[in-house]
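This report refers to the structure that appears directly beneath it.
The values are calculated or read from the model by the stated rules, or taken from the named source; none is laboratory data. Just so we're clear, the structure is a prediction, and the values are computed from it rather than from any experiment. Glycine gets a Cβ as well: all are built from the backbone with ideal geometry, and neighbour counts include every protein chain shown.
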Amino acid sequence: MDIGVAVVSKAWQGFFQEITQWRDLGRTVDFWWRDDDAGRPAPALARLVALANVANTPLALAVIPADVDGMKFDPANTMITLLQHGVDHRNRGATGDKKTEFPASELLSDALARLANGRTRLQQVGGGRMLPVLVPPWNRISAPRLVSQLADAGYCGLSTFGPRRALYAAPGLVMVNTHVDVIDWRGSRGFVGEDLALGQATRHLRARRWGLADADESTGWLTHHAVHDEAAWTFMALLLEATRDLDGVYWRAAGDLFGCQPV
Ligand SMILES: [Zn+2]
């Protein structure tokens with residue numbers, strides 16, 4: 001892979017300059033990687049896991065419990081952690097509202113029962129690699145009371161998109177979000193491009209450095225293997241290769257971020 005060509009682009013330069021700023025301050029840039037919508041075995045999922053293994057980089061797979069038929073995760077693959085991506089990834093929001101699997105209109109007890117079922121199902125295929133962290137589909141829970149119940153229901157964390165407002169989404173529920181979406185959902189539905197992907201990362205790192213965002217929230221890269229075009233695959237491979245052994249950069253595992261153990 002020819003990193004030398006890519007790094008001369010302005011976006012890569014800005015990204016590496018920001019990392020250098022952190023290093024000059026004696027600080028370590030920490031990243032983490034979340035991939036959403038894992039379900040049935042598929043070539044794209046196998047390719048994703050292979051990429052994490054080759055790059056020796058921890059990957060948090062947000063898996064849809066309703067789709068895990070036929071799946072079996074390798075307990076020996078310590079690069080992979082599973083997170084719970086809702087239950088069935090079905091939009092229950094009212095027509096015209098933003099998409100959500102967890103609308104305020106659903107009975108709290110119903111939502112909690114669904115979640116518990118989904119969690120059990122995921123645990124059955126997870127090979128002891130499942131972390132009790134909820135990743136709501138569309139990065140959204142529209143029922144605030146549900147969030148306040150998640151720690152009691154056995155979850156240690158919640159992960160959505162965008163800089164967190166606080167370390168805890170609710171008492172006992174650590175929040176660590178993603179900040180870089182490599183997919184252009186409103187346009188091509190393929191790779192968003194190096195400028196936008198690296199720009200999002202650079203901006204989040206700068207906001208952390210300047211104290212405009214929580215400095216301790218690891219910068220999260222969000223991928224969706226099922227819709228990756230070749231440009232998205234190439235970019236992720238390049239990013240991992242260019243950063244994993246870079247002085248002052250550290251890719252963190254989900255268990256470390258959320259402070260809980262896989263089950
Ligand atoms: Zn999703």
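Scan the stretch 43-61 for residues that are more than 16 Å from the ligand (Cβ to nearest atom) and either aliphatic (A, V, I, L, M) or surrounded by 12 or more Cβ atoms within 10 Å (Cβ to Cβ) (or both) and the total you get is 11. Screening Thr202 against (1) in contact with a strand residue (DSSP E or B) (Cβ under 8 Å, 6 or more places away or on another chain); (2) over 26 Å from Gln84 (Cβ atoms); (3) touching a residue at least 12 places away in the same chain (Cβ under 8 Å) leaves a single unmet condition, (1).
Being at pLDDT 95 or above, part of a helix (DSSP H, G or I), under 18 Å from the mean Cα position of the chain (by Cα) and not polar (S, T, N, Q) holds for only one residue in Leu198, Leu222, and it is Leu198. For the stretch 122-137, the candidate set comprises residues that are crowded, with 18+ Cβ neighbours inside 10 Å, of a type outside the set (Gly, Ala, Ser) and more than 12 Å from the chain's Cα centre (by Cα); within that set, the residue that is nearest to the ligand (Cβ to nearest atom) is Leu122. If you go through the stretch 46-56 and keep only what is touching a helix residue (DSSP H, G or I) at 6+ places or on another chain (Cβ under 6 Å) and either of a type in the set (S, T, N, Q) or under 13 Å from Phe73 (Cβ atoms) (or both), you end up with just Leu48.
Would you mind finding the one in Ala52, Ala46 that is out of contact with any Asp or Glu (no Cβ under 6 Å at 6 or more places or on another chain) and over 16 Å from Leu131 (Cβ atoms)?
Numbers: Ala52 fails: over 16 Å from Leu131 (Cβ atoms).
Matching residue, one of Ala52, Ala46: Ala46.
State whether the residues of the stretch 173-183 include one that is surrounded by fewer than 17 Cβ atoms within 10 Å (Cβ to Cβ) and assigned to a loop (DSSP other than H, G, I, E, B). No: zero hits.
For the stretch 229-263, the candidate set comprises residues that are farther than 29 Å from Tyr168 by Cα and in a loop (DSSP other than H, G, I, E, B); within that set, the residue that is modelled with the highest pLDDT is Asp229. A count restricted to the stretch 62-76 and to residues that are under 22 Å from Glu101 (Cα atoms) and more than 11 Å from the ligand (Cβ to nearest atom) stands at 4. Return a yes/no flag: does the stretch 178-186 have any residue that is farther than 20 Å from Trp12 by Cβ, at pLDDT below 95 and not β-branched (Val, Ile, Thr). Yes, the stretch 178-186 contains a residue that is farther than 20 Å from Trp12 by Cβ, at pLDDT below 95 and not β-branched (Val, Ile, Thr). Filtering the stretch 95-121 to residues that are within 26 Å of Asp181 (Cα to Cα) and either within 14 Å of the ligand (Cβ to nearest atom) or touching a residue at least 12 places away in the same chain (Cβ under 8 Å) (or both) leaves Asp97, Lys98, Lys99, Thr100, Glu101, Phe102, Pro103, Leu115, Gly118, Arg119.
Within the stretch 77-94, identify whether any single residue is away from the ligand (no atom under 13 Å from the Cβ), within 18 Å of the chain's Cα centre (by Cα), more than 16 Å from Trp32 (Cβ to Cβ) and aliphatic (A, V, I, L, M), and answer yes or no. No, every residue in the stretch 77-94 fails to be away from the ligand (no atom under 13 Å from the Cβ), within 18 Å of the chain's Cα centre (by Cα), more than 16 Å from Trp32 (Cβ to Cβ) and aliphatic (A, V, I, L, M).
What about Gly187, is it part of a helix (DSSP H, G or I) and surrounded by fewer than 22 Cβ atoms within 10 Å (Cβ to Cβ)? No; evaluated as a whole, the condition is false for this residue.
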